[in-house]
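The values are calculated or read from the model by the stated rules, or taken from the named source; none is laboratory data. Since the structure is predicted, the reported quantities are computational estimates derived from the model, not experimental observations. Backbone-built Cβ (ideal geometry, glycine too); neighbour counts: all protein chains shown.
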């Protein structure tokens, strides 16, 4: 791969797109367009919202994926959230309530 040549007032679309994909920005844009811009790591989510559901302990004592799923299902129902590999994604309207 050649080094990028920096020119004043020049824009390399291919290089820019490659950098956006590499940094994860394209995935972030896709998730935001789908309506799930709020995201929390499972451990942070369990730590913050475990009080809403009886029987969910602190993150260091729980399987955080299962605990996050349980909290979301009890509080939000079966929609308005998506589970990722390490994070839970929430719709904006829920976060503002």
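So, in segment 66-83, of the ones that are under 18 Å from residue 36 (Cα atoms) and surrounded by 15 or more Cβ atoms within 10 Å (Cβ to Cβ), which residue ends up modelled with the lowest pLDDT?
First, pick out the residues of segment 66-83 that are under 18 Å from residue 36 (Cα atoms): 68-69, 71-73, 75-83.
Next cut, surrounded by 15 or more Cβ atoms within 10 Å (Cβ to Cβ) only: 68-69, 71-72, 80-82.
Values: 68: 97, 69: 96, 71: 95, 72: 94, 80: 83, 81: 90, 82: 89.
Looking at the filtered set, the residue picked out is 80.
Residue under question is residue 37, and the condition is that it be in contact (Cβ under 8 Å) with a residue 40 or more places away in the chain and surrounded by fewer than 16 Cβ atoms within 10 Å (Cβ to Cβ); does it hold?
Working: in contact (Cβ under 8 Å) with a residue 40 or more places away in the chain: yes; surrounded by fewer than 16 Cβ atoms within 10 Å (Cβ to Cβ): yes.
The answer is yes for residue 37.
May I ask you to say which residue of 88, 56, 46 is surrounded by 18 or more Cβ atoms within 10 Å (Cβ to Cβ), assigned to a loop (DSSP other than H, G, I, E, B) and either in contact with a helix residue (DSSP H, G or I) (Cβ under 6 Å, 6 or more places away or on another chain) or without any contact (Cβ under 8 Å) to a residue 24 or more places away in the chain (or both)? It would help to see each step written out before you state the result.
Working: 88 fails: assigned to a loop (DSSP other than H, G, I, E, B); 46 fails: assigned to a loop (DSSP other than H, G, I, E, B).
Of the residues listed, the single one that is surrounded by 18 or more Cβ atoms within 10 Å (Cβ to Cβ), assigned to a loop (DSSP other than H, G, I, E, B) and either in contact with a helix residue (DSSP H, G or I) (Cβ under 6 Å, 6 or more places away or on another chain) or without any contact (Cβ under 8 Å) to a residue 24 or more places away in the chain (or both) is 56.
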